[in-house]
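Read the structure below first, then the notes.
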Amino acid sequence: MPDAPDHAPPHAPPHAPPLDLVLARRTLDAQPFSRLVRAEITAFGDGAATLEIALRDELRQQNGFAHGGVLSYAADNSITFAAGTALGPAVLTSGFSIQYVRPAAGTRLVARAAVADAGRRRAVVRCDLFAVDEDGAETLCALAQGTVRSVR
């Protein structure tokens, strides 16, 4: 993201609040579904975002692994937040795909998204999802890619 005095994208209105971790956390907390799964933004800026979710029983499927819908949610939201660092705060995912590479077993899910390419109104973002065990070891469990568009 280019340096601007208020850290807002160059095309953002001058009165737009700076895009930072505090604003990202407020935005996430404004989403009822994000509160339901207790998602947290742990990193935000410079074309990237990290979203984390503690894996409790309600978020698991019948075999004890994180439900695929939880992984999809984490990919979608981290992709959109990462794109927001390049496009500004008014963005929506226009589509994404996810590949599950192994079951997500552990105590925490981490979704790390980074902008691969961005224009003025569109960004393509990649996301790696990791299951984290009780010792902090990360195991890749899914890969996702999405396209996000500015709605301004």
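Just so it is clear, none of the values below were taken in a lab; they were calculated from the coordinates. All of these numbers come straight from a predicted model, not from anything done at the bench. Here the Cβ is made from the backbone with ideal geometry for all residues, glycine too, and neighbour counts use every protein chain on show.
Treating the angle as unsigned and between 0 and 90°, give the value, to the nearest 10°, between the Cα long axis of helix 68-87 and the longest Cα principal axis of the chain.
Result, in degrees: 20.
May I ask you to derive the relative contact order of segment 21-150, considering only C-alpha pairs under 8 Å and at least 6 residues apart, and to give it as an integer percent?
It comes to 24 percent, rounded to a whole number.
Between [x] 18.4, 68; [y] 17.0, 48; [z] 15.3, 51, which matches Rg and Dmax of the Cα atoms in Å calculated for the structure shown?
Comparing each candidate, only [z] matches the computed number.
Positive end of the charge dipole of the chain (Lys, Arg +1 and Asp, Glu -1 on Cβ, about the Cα centre): tell me which of Ser94, Phe33, Val132 has its Cα farthest that way.
The one lying farthest along the dipole's positive direction is Ser94.
Under a 5 Å amide H to amide H cut-off, with H placed in plane at 1.01 Å, what residues pair with Leu19 once short-range neighbours are removed?
Correct list: Ala8.
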